[in-house]
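The values are calculated or read from the model by the stated rules, or taken from the named source; none is laboratory data. Just so you know, these numbers come straight off a predicted model, no measurement behind them. As a convention, Cβ positions derive from the backbone with ideal geometry for all residues, glycine included, and neighbour counts pool all protein chains shown.
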Amino acid sequence: MGRSINLEGKVALVTGASSGLGKRFAQVLSQAGAKVVLASRRTERLKELRAEIEASGGAAHVVSLDVTDYQSIKAAVAHAETEAGTIDILVNNSGVSTTQKLTEVTPADFEYVFDTNTRGAFFVAQEVAKRMIMRGNNAQKPSYRIINIASMAGLRVLPQIGLYSMSKAAVVHMTKAMALEWGKHGINVNAICPGYIDTEINHHHWSTEQGQKLVSMLPRHRVGKPDDLDGLLLLLAADESQFINGSIIAADDGFGLA
Ligand SMILES: NC(=O)c1ccc[n+]([C@@H]2O[C@H](COP(=O)([O-])OP(=O)(O)OC[C@H]3O[C@@H](n4cnc5c(N)ncnc54)[C@H](OP(=O)(O)O)[C@@H]3O)[C@@H](O)[C@H]2O)c1
């Protein structure tokens, strides 16, 4: 007899669901039975995804969210819970990157990357966790999940994306701090550190000479696809991962070993 992860009855908020990993995460959580809330700025794209999920028999809601705007975060989380019910799972995925030497980083670059990847991720998790903690205090056995999407660049510095690496290193430490403080409330906080996955954030790079050279240096000479993270995401979202808290898990095809 087979065994699979069942997320029926759960509500999952996925930030940055309009493309790449976030879109795939929402599809996978929906396939496992969760009701998903799709959040980002490009709501037209989210509506297309909602239609796709509904056509496959799933339930999805759309909320507008700009993670660089604190009021937008508060409004989006409130809207999500009004539309879909209380949130059990947060996939904290919105992110941006820039490419340049550290000597070329401007204050505007710094704010762009950190306001989205670090400050944004922090306040989305905080807003969701505050609500989980309030509910968890009245629940018998609360089982909540926050999955921060960091990066292997948060574990080792990479040339040209030093600023991005710094912002993701903060997400790695943020994950541990949240797990330490919120674990007692039934909230498990873990991070996925993906390796190179072909999405809009880097697609332009793979056809360049530099991109090709990078691929040739990867342990298995390949870039991943968003569905390469399906299994790990489902595990961290499921009740079955109740003993995993504060873990930083690389899913990088062995890149971190080289
Ligand atoms: N692809 C990789 O190789 C890789 C590797 C390691 C880690 N990651 C991380 O994985 C996450 C997803 O990236 P991806 O590869 O899927 O890139 P992507 O296709 O460019 O997706 C980025 C997502 O972030 C959202 N976003 C950006 N700024 C936002 C803001 N201010 N407010 C709300 N949402 C915002 C975008 O939505 P809107 O534009 O609609 O707002 C979009 O849905 C990021 O955190 C990234 O750092 C990616």
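Only one of Leu65, Leu90 is crowded, with 18+ Cβ neighbours inside 10 Å, touching a residue at least 40 places away in the same chain (Cβ under 8 Å), within 15 Å of the chain's Cα centre (by Cα) and within 13 Å of the ligand (Cβ to nearest atom). Can you tell me which? Exactly one residue qualifies, and that residue is Leu65.
Across region 41-84, the number of residues qualifying as assigned to a helix (DSSP H, G or I) and not β-branched (Val, Ile, Thr) comes to 23.
Taking the criterion of being within 15 Å of the ligand (Cβ to nearest atom), of a type in the set (Val, Ile, Thr) and surrounded by 18 or more Cβ atoms within 10 Å (Cβ to Cβ), the residues of region 1-44 that qualify are Val14, Thr15, Val28, Val36, Val37. Checked against the criterion of being in contact (Cβ under 8 Å) with a residue 60 or more places away in the chain, surrounded by 21 or more Cβ atoms within 10 Å (Cβ to Cβ), of a type in the set (Val, Ile, Thr) and within 16 Å of the ligand (Cβ to nearest atom), region 165-175 has at least one qualifying residue.
Select, from Asn93, Asn6, the only residue that is under 19 Å from Met132 (Cα atoms) and either modelled with pLDDT under 95 or in contact with a Gly (Cβ under 8 Å, 6 or more places away or on another chain) (or both). First the steps, then the outcome.
Working: Asn6 fails: under 19 Å from Met132 (Cα atoms).
When all the criteria are applied, what remains is Asn93.
Being within 14 Å of the ligand (Cβ to nearest atom), more than 17 Å from Tyr196 (Cα to Cα) and part of a helix (DSSP H, G or I) is the requirement here; does Glu111 meet it? Yes; evaluated as a whole, the condition is true for this residue.
Could you list all residues from region 45-62 that are within 9 Å of the ligand (Cβ to nearest atom) and buried (at least 18 other Cβ atoms within 10 Å of the Cβ)? Explain how you work it out, then say what you get.
Taking region 45-62 first, the residues within 9 Å of the ligand (Cβ to nearest atom) are 45-46.
Passing the criteria: only Leu46.
The number of residues in region 249-258 that are more than 15 Å from the ligand (Cβ to nearest atom) and either polar (S, T, N, Q) or part of a helix (DSSP H, G or I) (or both) comes to 1. Summed over region 203-228, residues that are closer than 30 Å to Gln126 by Cα and assigned to a strand (DSSP E or B) total 0.
Close contacts from region 130-144, counting a first residue that is closer than 17 Å to Val77 by Cβ and a second that is among the charged types (D, E, K, R), with Cβ to Cβ under 7 Å and a gap of 6+ residues or different chains, come to Arg131/Glu81; Tyr144/Asp88. Number of residues in region 148-191 that are modelled with pLDDT of 95 or more, more than 18 Å from Asn93 (Cβ to Cβ) and part of a loop (DSSP other than H, G, I, E, B): the value is 2.
Let me confirm something: among Gly195, Gly246, Gly211, which residue is closer than 22 Å to Phe25 by Cα and within 14 Å of the ligand (Cβ to nearest atom)?
Answer to the selection: Gly195.
Determine whether region 197-219 contains at least one residue that is among the basic types (Lys, Arg) and under 27 Å from Lys101 (Cβ atoms). Yes: region 197-219 contains one or more residues that are among the basic types (Lys, Arg) and under 27 Å from Lys101 (Cβ atoms).
The single condition from (1) charged (D, E, K, R); (2) crowded, with 17+ Cβ neighbours inside 10 Å; (3) not in a strand (DSSP E or B) that Glu200 fails is (2).
Looking across region 214-243, the residues that are near the ligand (Cβ under 10 Å from one of its atoms) and either polar (S, T, N, Q) or in contact with a Gly (Cβ under 8 Å, 6 or more places away or on another chain) (or both) come down to Gly224, Pro226.
Selection of region 117-164 for residues being away from the ligand (no atom under 14 Å from the Cβ), closer than 26 Å to Gly231 by Cβ and among the polar types (S, T, N, Q) yields only Ser143.
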